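Notes follow once the structure below has been shown.
The values are calculated or read from the model by the stated rules, or taken from the named source; none is laboratory data. Quantities reported herein were computed from a predicted structural model and do not represent experimental measurements. Heads up, the Cβs are rebuilt from the backbone with ideal geometry, glycines too, and the neighbour counts pull from every protein chain shown.
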Amino acid sequence: MFKKILIANRGEIACRVIRACREMKIATVAVYSDADRDALHVRMADEAFHIGPPPSAESYLRWDKIIDVARTAVAEAIHPGYGFLSENAEFVREVTKAGITFIGPPPEAMESMGGKMSARKIAIAAGVPVVPGTTDPLASYEEALDVAASFGYPVMLKASAGGGGKGMRLVNDGSELRSALENSQSEARASFGDDAVYIEKAIVRPRHIEIQVFSDKHGNHVHLGERECSIQRRHQKVIEEAPSPIDSAELRAEMGACAVTVAKAVDYVGAGTVEFLVSDLDRSFYFLEMNTRLQVEHPVTELVTGIDLVREQIRVAWGDELSFSQDDVTLTGHAIECRVYAEDPDNNFLPSPGKITRLRLPQGPGVRDDGGIYEGAEVSIFYDPMISKFAVYGKDRAQAISRMRRALMEYEVGGIKTTLPFFREVMDDAEFIEGRLDTGFVGRFNERRQAADADQPTQDMAVIAASLAFAARQRDAAAKNENSSQPSRWVMSGRHALMSDRL
């Protein structure tokens, strides 16, 4: 087994990998920018090396510096985490050329699945259902107009490269198409250096469900069930759970078989995720894309399967066979994850960087916090504002929701705004509790909140008026009984408290 691994990442995922290495008695090497000099992953690692100034392009994306550190530290392998260089095929080739093992898939698999259009072509060739759409970039607005007319609106424009919702636009009718195409191409060019955009038929009320796959170097390919990832803001997932509230063994088997087919088609190795859109109307499903790395939401799969995915990544990279077969994989209980971001949910989820002045983490049964912060740490403006992957486990979905609700009330972060208040409200939302989820959930949830806020002033005035009338009646009654010795007390009504003279 490897004696030393370098983690080419930062924050909570670097801490997660370090913890897995510690359990395997593998020494760890961290890298850090100026902004992360005092970060938790730097403190946790056995060794840490400075690699540049805060901007990612000058530090965490500089594979030459990272490989030099690996050589200096005599690290035998590099774990990329997710984000940054985790899906960069050229980086993988350079790592291999340096005689270092990359903990992840081969570069050819990355390239095949890295472009959404090439991934669609592979899925189609393998017989996996895909959303009707183009397999080549749109050449012009006129072509987009013709294709959209052939599918019928609504349609979805998507950037071929990258992810995270960049370059994605929903188009409801032809009047929106030209500007949406221009904006999609512009955002794709700015985000990925590639303005290639393709078009798909938009699925109405789609669920975003993904299948965790795992492959080794010996030709074994398995899936570990699904994750429900429909609760998103700006096409970014914020709450995930396993299994999906659909909880259909038949659908799970069908989607799992398709996911394994995709993995086999590209000779995949390691942990990967095949993503699908599932119609909430008829449960039809369509291949969306494959992420050739570990996912942020991997804890919920670990909780319901009992399999340590990071440990398995390291074993597979070493050359071992998978420690489990498809028959060994069972889903027990239910897990929910909230991505805790340093963002202000009351201000369109804008980032809220700053110093963490207070941190109190929940405890108790079934609670897991994969964090990358500590009290006194600084949340930087330079990187993704996620500070924790917070997950709970219960015997069923109802218990998991109750446990998450309780744990979120105990979770305290001071000094910055976080998404914790948003999650607390979601856990009490009727649609969420009933499992009525799709990618439009957050939009509808915000509309319900705004409507409730708009009604509140009228409700408050009614409560105040009723309370004042009640107090007046009590004063009249008290005047008739001047010898009354009953003490005064508070009268509570809704969110208001009024003092009655004699009650």
- request: Kindly check whether there is at least one residue in the stretch 30-40 that is hydroxyl-bearing (S, T, Y) and in a strand (DSSP E or B).
  value: yes
- request: Might you let me know whether the stretch 117-132 holds any residue that is in contact with an Asp or Glu (Cβ under 7 Å, 6 or more places away or on another chain), in contact (Cβ under 8 Å) with a residue 40 or more places away in the chain and either within 30 Å of S33 (Cα to Cα) or of a type in the set (S, T, N, Q) (or both)?
  value: no
- prompt: Looking only at the stretch 141-170, which residues are under 17 Å from R120 (Cβ atoms) and within 27 Å of the chain's Cα centre (by Cα)?
  reply: V155, M156, L157, K158, A159, S160, A161, G162, G163, G167, M168
query: among the polar types (S, T, N, Q), at pLDDT below 95 and part of a strand (DSSP E or B) - does that describe any residue in the stretch 211-229?
result: no
query: Does A70 satisfy the condition of being part of a helix (DSSP H, G or I), crowded, with 18+ Cβ neighbours inside 10 Å and on the phi < 0 side of the Ramachandran plot?
result: yes
- prompt: Would the stretch 119-140 turn up any residue that is within 24 Å of the chain's Cα centre (by Cα), on the phi > 0 side of the Ramachandran plot and surrounded by 20 or more Cβ atoms within 10 Å (Cβ to Cβ)?
  reply: no
field: Residue in the stretch 346-359 that is in contact with a Leu (Cβ under 9 Å, 6 or more places away or on another chain) and assigned to a strand (DSSP E or B) present
entry: no
query: Just to be sure, is Q295 among the polar types (S, T, N, Q) and either crowded, with 23+ Cβ neighbours inside 10 Å or part of a helix (DSSP H, G or I) (or both)?
result: no
Candidates A89, A75, A98 - the one that is among the hydrophobic types (A, V, I, L, M, F, W, C), surrounded by fewer than 22 Cβ atoms within 10 Å (Cβ to Cβ) and over 26 Å from the mean Cα position of the chain (by Cα): A98
task: Filter the stretch 366-389 down to the residues that are outside any loop (DSSP other than H, G, I, E, B) and not β-branched (V, I, T), then identify the one that is surrounded by the most Cβ atoms within 10 Å (Cβ to Cβ).
output: S388
message: Please determine whether any residue of the stretch 425-436 is small (G, A, S), more than 23 Å from L331 (Cβ to Cβ) and either in the same structural domain as L170 (by TED's automatic domain parsing) or modelled with pLDDT under 95 (or both).
response: no
- line: All conditions in (1) touching a residue at least 40 places away in the same chain (Cβ under 8 Å); (2) more than 18 Å from G99 (Cα to Cα) are true of I66 except (2)
field: Filter result (within 11 Å of F287 (Cα to Cα), part of a helix (DSSP H, G or I) and not basic (K, R)) within the stretch 104-136
entry: A119, I122, A123, I124
Candidate set: the stretch 141-179, residues that are basic (K, R) and outside any loop (DSSP other than H, G, I, E, B); chosen: the one surrounded by the fewest Cβ atoms within 10 Å (Cβ to Cβ): R178
statement: Of (1) over 30 Å from G371 (Cβ atoms); (2) in a loop (DSSP other than H, G, I, E, B); (3) touching a Ser or Thr at 6+ places or on another chain (Cβ under 7 Å), D282 fails just (3)
task: Find the residue count for the stretch 73-91, including only residues that are more than 18 Å from Q295 (Cα to Cα) and either assigned to a helix (DSSP H, G or I) or charged (D, E, K, R) (or both).
output: 4
- prompt: Does the stretch 41-67 hold any residues that are among the small types (G, A, S) and not in a helix (DSSP H, G or I), and which are they?
  reply: A45, A48, G52, S59
query: How many residues are in contact with a Leu (Cβ under 7 Å, 6 or more places away or on another chain) and basic (K, R) if we restrict to the stretch 253-300?
result: 1
